[in-house]
1. I want to check the label-to-label distance for THR275 and SER152. Put each point 7 Å from Cα in the C-beta direction and report it in nm to one decimal.
2. Which three lengths, in whole Å and largest first, does the stretch 178-235 cover when its Cα atoms are put on their principal axes?
3. Using modelled amide H (1.01 Å from N, peptide plane; none on Pro or chain starts), what sits under 5 Å from the amide H of ARG175, excluding residues fewer than 5 places away?
4. At what distance in nm do the modelled label points of ALA214 and GLN171 sit from each other, each positioned 7 Å from its Cα along Cα→Cβ?
5. Over all directions, average the projected area of the Cα convex hull of the stretch 248-292 and note it in nm².
6. Per the Debye formula with a single identical scatterer at each Cα and no solvent contribution, what log10 I(q)/I(0) holds for the stretch 257-377 at q = 0.12, 0.20 Å⁻¹?
7. Can you tell me the relative contact order of the stretch 216-290? Whole percent, Cα pairs under 8 Å, sequence separation 6 or more.
8. Full extension from GLU299 to GLU144: what is 0.36 nm times the residue separation minus their Cα-Cα distance, to one decimal in nm?
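Just so it is clear, none of the values below were taken in a lab; they were calculated from the coordinates. Predicted model, so just to flag it, every value in this text is computed and none were measured. Cβ: placed from backbone, ideal geometry, glycine included. Neighbour counts: every protein chain shown.
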Amino acid sequence: MASRLLHRLRHALALTGEGSGEPAPGAEAEEFPESSELEEDDTEGLSTRLSGTLSFTSTEDDEDEEEEEENADPLGSGAALGRRLKNPGEDGAGEDGDRNSPSDGPRSSNLLTRQLQDFWKKSKSNLVPQRLLFEVTSANVINEPPSKYVVSELYTIALIGPGPQEHMPAQISRRYSDFERLHRQLRQQFRGPMAAVSFPRKRLRRNFTAETIARRSRAFEQFLGHLQAVPELRQAPDLQDFFILPELRQAQRLTCTGLYQEALRLWTNAWRLQTQLGTTVGTQRTLLTLVGLAVCHQELEQPSEARLSCEQSLQMLGTSDSHPLLGPFLEAHVRLSWRLGIDKRQSEAQLQALQEAGLTPTPPPSLKELLIREALD
C-alpha cells in the first residue's frame, strides 16, 4: 500500500506538470484524492508498517515460510520508503526523472510538499530510524543444568551499528527462555506497542531441527530490531537489563575473584553494548561499568587506560557533588595522574573541597571496594 501511495503522488505530479506547467482550475481537488486518504486509515496503517510491526509464525508449511521471507525486514523496507517520501527528489534520476524536473512549476511542487509535510507530522512520532542491527551469529542446542535431559537453545547475537566498525561488535548470548521472559515482561507493561508482536512458539515435534533454529534466529533478529526501533520499548528497564545485566553480573564475579583479564573482556563488551544501545548517559550501571574498567586496568598495570575510565566517569558526574562515586573516582584520578606525571591539581582541589564539606570520607573508599559491595539486582 505504501508503494502504491508513492506511485499515486508521482502520477498526480506528472499530470499537473503537462502542458504549460500550470494546473487547470480545480485540478488540486481532482488530481490529489490521496490527500483525504492520508488523513484517515492509510496514514495509520502506513505508520504501523513503517514502525516495524512484526508477526512470527511457527508452522512448517512451505507457503508460510515463503510468506515469512517476504516480510523478513519490515523495518528496513519502511526506513527506505521513509527516505524516499522525505526526499522525493532522490528518485528523480530514475524513470520519473523527467517528470520531476523544475519545469513542473512551483504550484504543483508546493502542493506535493504540503501533502508530504502533513503526512510526516502525523506519522513521525511513531517512526524511529533503525540505526542498530542484530545478527544471530551462532545458535546451539545445550543441556540445561542440573538435568542433562532438559535442553534449550543458546543464541549468540552481535550488535552492528551504522558506519564502519572500529572494534569487534558487542555480543550477547541468550537462551530461548530469556527471550520468552523479555516478551512476557514487555507485554505486561506495554500492551499497546506489544499488541502486534507475536512470539515464535516452541513445537511439540521437530523443535530443535536446524531449519527450526534458523527460522527462530531470524525471528529473534527482527524481534530485537523492532523493540529497539520503538521509543517506549527502547528505554524500558527490562529491555536494558536483557542486554547488559548478565554481562555485568559475570564481570563483577570475575573481578571479585581476581580474574582481571577475563573480567576486562566482559566489562569492555558491556561498555560497547551500552554505547551502541545509546544508554551511556551517566546511569548507575554505566558508572559501574567504568568502575569495573578502571579497577581491571589498574590491576593489570595499565594506568593510562584506568585514568581514561576515571575521566569519563568524572565528565558524566559533572557537578553531582553528593554522588557516592565522585570521591572515589577523584581519588583514583589523582593517584593515576601522579603515577603518569600528569597535572592533578584540579582533581586534588575538587576532592579536598568534597572532604571539607563532609560529602566524602577521608580517605574515600577505593573503587574496588565499591565494586565488591555493589548489589546487582
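1. 3.0
2. Principal extents (Cα only, largest first): 35, 19, 19 Å.
3. TYR155
4. The answer from the label model is 2.1 nm.
5. Numbers: hull surface 10.8 nm².
Mean projected area of the Cα convex hull: 2.7 nm².
6. These q points yield log10 I(q)/I(0) values of -0.41, -1.16.
7. Values: 38 pairs, mean separation 15.6, N = 75.
The value is 21 percent.
8. Numbers: separation 155, 0.36 × 155 = 55.80 nm, distance 3.47 nm.
Here the answer is 52.3 nm.
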